[in-house]
Amino acid sequence: MERLLIRGGHRLQGTVQICGAKNAALPQIAASLLSAEPLTLTNMPDVVDVHTMVRLMTHYGVTSTRDSSSVTLKADGARNVEAPYDIVRRMRATLLVLGPLVARFGAARVSLPGGCAIGARPVDLHLKALAVLGATIDLDGGYIVAKAPNGLAGGRIVFGSPSIGATQTALMAATLAKGESEIMNAAREPEVVDLAACLAAMGAQIEGAGTHRIRVQGGQALHAGRHEIVPDRIEAGTYAIAAAITGGHLELTGARLEHLSAVGEALEAAGVRLWPTDRWLMVARDGALRGIDIVTEPYPGFPTDLQAQFMALMTIADGASMIRETVFENRFMHVPELGRLGANITLQGTSALVRGVKALKGAPVMATDLRASVCLVLAGLAAGGETAVSRIYHLDRGYEALDRKLVRCGADIRRVPE
């Protein structure tokens with residue numbers, strides 16, 4: 001195991017290349033199971049979760065070849081088998097193979113998933129979508145068993161609340177279901193829109209991605225496809241906050257401002273400047289930070305995956321801020337660790353009251369999940385003295401070369417053995 005040693009107090013300046021979105025790449029890797037013909041995905045991020053998902057594909061007989069930042073997946077020899085629990089337990093996105101397996105092979109047995117311990121993330125909406133399309137669902141010893149021996153048929157899926165993963169499951173399954181499918185109250189996130197674009201490149205007929213109503217004309221075999229993965233809005237938001245928390249100046253190449261509207265509004269209200277450039281997006285802070293209130297919401301609201309990072313920023317802002325988490329009920333596990341750095345945070349149920357302090361002070365801290373780990377790195381960049389961040393394997397699941405990118409922009413970070 002490794003940890004990061006960070007000596008704070010350095011202003012970040014320079015350029016950061018934003019990678020393809022991990023949360024867009026994972027369902028698209030799973031989508032390769034829908035066709036016997038190859039699927040090439042470009043702008044693929046080099047992160048642990050992607051490697052885990054590609055490794056899972058090999059157990060289903062999918063071959064993969066990587067060339068720089070592109071991966072070609074070929075499922076002509078794919079088979080319907082039970083994936084090893086040792087792989088499935090590592091992240092929740094492995095559940096995304098369920099829809100493609102049932103749609104193509106008429107059956108699937110997939111373990112209940114693992115991933116970050118940030119609260120309950122039920123699978124019932126995934127199962128409801130498949131049931132509407134004609135699958136029978138059973139739970140057997142920690143496994144989901146889905147069967148549709150005569151194939152799936154189009155149907156009207158109505159979600160009680162938007163779910164990114166369930167929308168992606170429904171979308172992939174519907175592409176091979178006979179007839180028309182309608183997905184109501186669908187998630188609108190860019191990662192859902194990007195999956196629809198990937199499926200369209202494979203020959204799927206999809207309308208309405210990015211709205212609450214998606215229509216799919218299914219039943220036709222999909223063909224070979226090539227698709228460029230959308231840039232990672234969470235990575236872009238993280239580096240924007242890195243510039244803000246250090247009083248720095250970063251250009252984020254590849255970042256799409258239109259995917260960061262709620263984040264951009266919050267940063268500007270807090271005293272940070274953002275503007276588009278010829279190479280996408282510039283972020284800078286010269287003056288004081290102001291405490292502001294935010295509420296996490298489904299897209300296009302403020303993303304829960306940037307809540308921890310924004311909280312780190314608010315710990316050194318003038319005044320107080322209230323941060324309310326409405327997506328995951330247990331996503332404040334970074335609060336005690338920020339407290340070790342001198343942050344003044346009071347938890348009140350699903351809200352956190354953050355009173356800004358003049359300065360944070362370095363200390364040993366421990367990451368509990370992916371976004372909490374990068375939140376502690378950001379706080380360490382602003383803290384005086386040395387901050388040691390342990391359990392950074394969480395960090396490597398979703399950020400490509402984060403420490404090296406920060407070093408190139410002036411940060412003092414070393415990766416060392418525990």
Any idea which of 340, 404, 371 is among the basic types (Lys, Arg) and modelled with pLDDT under 95?
371
Over 14 Å from residue 274 (Cα atoms) and crowded, with 20+ Cβ neighbours inside 10 Å: which single residue out of 206, 241 fits that description?
206
Those residues of region 61-94 which are surrounded by fewer than 21 Cβ atoms within 10 Å (Cβ to Cβ) and either under 22 Å from residue 369 (Cα atoms) or among the aromatic types (Phe, Trp, Tyr) (or both) amount to 85, 86, 87, 89, 90, 92
Limited to region 293-321, what total is found for residues that are closer than 25 Å to residue 409 by Cβ, free of Cβ contacts under 8 Å to residues at least 60 places away in the same chain and part of a loop (DSSP other than H, G, I, E, B)?
1
What is the one condition in (1) in contact with a Gly (Cβ under 8 Å, 6 or more places away or on another chain); (2) over 15 Å from residue 333 (Cβ atoms); (3) in a strand (DSSP E or B) that residue 389 does not satisfy?
(2)
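Let's see how each residue does on (1) free of Cβ contacts under 8 Å to residues at least 12 places away in the same chain; (2) surrounded by fewer than 16 Cβ atoms within 10 Å (Cβ to Cβ):
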site: 124; (1), (2): yes, yes
site: 136; (1), (2): no, yes
site: 142; (1), (2): no, yes
site: 146; (1), (2): no, no
site: 150; (1), (2): no, yes
site: 155; (1), (2): no, no
site: 160; (1), (2): no, yes
Considering residues that are assigned to a loop (DSSP other than H, G, I, E, B) and hydrophobic (A, V, I, L, M, F, W, C), the number found within region 322-362 is 9
Could you say whether any residue in region 178-200 is more than 21 Å from residue 232 (Cβ to Cβ), acidic (Asp, Glu), in the same structural domain as residue 123 (by TED's automatic domain parsing) and outside any loop (DSSP other than H, G, I, E, B)?
yes
Give the residue, chosen from 211, 175, that is of a type in the set (Ser, Thr, Tyr) and surrounded by 19 or more Cβ atoms within 10 Å (Cβ to Cβ).
175
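The values are calculated or read from the model by the stated rules, or taken from the named source; none is laboratory data. Just so you know, these numbers come straight off a predicted model, no measurement behind them. Using ideal geometry, Cβ is built from the backbone for each residue, glycine included, and neighbour counts are taken over all protein chains shown.
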